[in-house]
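Readers should treat all values here as calculations from the given coordinates under stated rules, not as data from a laboratory. Because the structure is a prediction, the values reported are computed rather than measured. Positions of Cβ are backbone-derived with ideal geometry, glycine not excepted, and every protein chain shown enters the neighbour counts.
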Amino acid sequence: MSEKVPLTYYEVKSLLEQLGNGLDKEPLDLEGVDFNLIKEKGANILSKLAFEGALNALEYVLGKGADPNLYSSVYDYYKGPALLFALQNNISKVGVKKKIVETLISYKADVKSVVEWLDDETDSTASGSLIDYGMTLVRENIEVYEDEDYDAQSRKSSKEELIGLQSMLSVLKDYGADINDDMKEEYLSFMKREFDSAKKHDPKELLRKGIKILDVDERVIQLPEAAKSVCFGIMENESFMPSAEWADLFERLVKCSLTFEEVSEEVYGEVVAFVDDEGDLCQGWDYYNWFSELVELLMHEEAIKNPKWMSLLSLVVDEEAKYNSEIDFEFEELIALPHVQNHKSYEQIKKIVKEYIG
């Protein structure tokens with residue numbers, strides 16, 4: 001009988017991805033695999049799964065004997081156990097990030113591990129506790145989050161990472177992770193900061209703030225960033241979403257949108273239709289258009305509580321062609337959401353969206 005050929009990292013990874021699709025039983029090809037030996041570019045598969053937030057697969061390989069304290073290294077940039085790579089996860093939602101850390105700890109991951117990383121300022125290797133390393137990620141993201149020169153999407157992503165880091169570092173601290181004495185004050189200050197989008201604000205004040213941001217001098221040059229800043233920085237506040245003021249600002253974001261003709265005249269010096277464009281403008285049209293962001297706002301559970309939600313959905317459908325938006329994918333995501341499917345008017349919602357998608 002021929003000896004079984006060992007699976008490659010990518011073969012194992014592909015089989016593990018199936019576990020995230022609700023399989024009732026494990027893939028037979030994974031029987032007997034030593035997951036501690038499955039590596040790619042110096043990182044073992046458990047660390048990769050922690051980084052990617054693949055919770056089902058991570059729980060599976062831990063249950064099959066993967067060692068959470070086995071160190072991985074990625075070139076000269078990082079060296080440490082799976083918990084270090086969990087801190088780098090910039091993909092998952094906060095709840096999943098926290099659960100990954102908690103799961104690793106439940107399998108005896110050592111929260112007092114000493115880890116290494118490349119210090120960008122000195123271009124040399126730094127070492128410290130997991131919280132010390134986590135605070136370097138905090139600094140990187142705060143720099144982006146607080147700098148208005150960064151685009152709105154980058155600042156939003158950094159805010160989400162900061163919320164996730166607060167959650168993960170809190171778990172590590174609760175389980176006894178060390179903090180460098182020089183960093184304790186910075187750590188405590190960071191943990192007290194509020195980044196959560198559910199924080200309550202006066203709806204009228206948020207409306208006034210949004211209107212002021214949208215009031216730009218040069219529409220083509222300034223409005224795209226201003227509109228996306230309103231979408232990410234104001235409209236995503238969950239306590240604001242059910243209000244009449246939120247609906248008002250949503251409508252303003254639709255009605256102030258840029259047409260292709262308006263932008264082409266500024267860029268090319270002449271009016272060009274979207275279908276006739278032979279330049280680069282149509283390829284980069286997402287920069288000048290924020291209908292995708294508007295549909296993403298409608299996906300929020302709090303947004304659907306707004307009494308005008310249905311009319312806002314219809315407004316987007318009615319107006320998108322005027323602004324050459326391509327939002328089929330976002331609409332398909334919207335009608336697949338459980339809280340949308342539970343809406344009392346779901347059949348009407350589905351009809352509106354299906355007629356748009358065609």
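Here are the numbers for the structure shown:
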quantity: Per-peptide average of other Cβ atoms within 10 Å, ordering 121-128, 97-104 highest first; calculated: 97-104, 121-128
quantity: Out-of-range pairs (alpha-carbon distance over 27 Å; input 39/192; 79/173; 97/184; 156/192; 48/159); calculated: 39/192
quantity: Structure-derived semi-axes √(5λ) of the Cα gyration tensor in Å: which label, when the choices are (i) 37, 27, 19; (ii) 29, 26, 19; (iii) 42, 26, 21; calculated: (iii)
quantity: Relative counts (whole %) of C-alpha pair distances in region 88-150, using bins that are 5 Å wide; calculated: 4, 14, 17, 24, 20, 13, 6, 2, 0
quantity: Estimated translational D of region 1-141 in µm²/s (Stokes, Kirkwood radius over Cα pairs; 25 °C; 0.890 mPa s); calculated: 156
quantity: Residues listed by number, region 106-137, amide nitrogen under 19 Å from residue 73 label point at 7 Å toward C-beta; calculated: 113-120, 123-130, 133
quantity: Out-of-range pairs (alpha-carbon distance over 25 Å; input 204/322; 209/255; 93/255); calculated: 204/322; 93/255
quantity: Computed P(r) (all Cα pairs; region 203-357; 10 Å bins; percent); calculated: 11, 39, 33, 15, 2
quantity: Paired Rg and Dmax values of region 123-181, which use every Cα atom, in angstrom; calculated: 13.0, 38
quantity: Projected label distance in nm at residue 268 and residue 123, using a 7 Å step from Cα toward the beta-carbon; calculated: 4.5
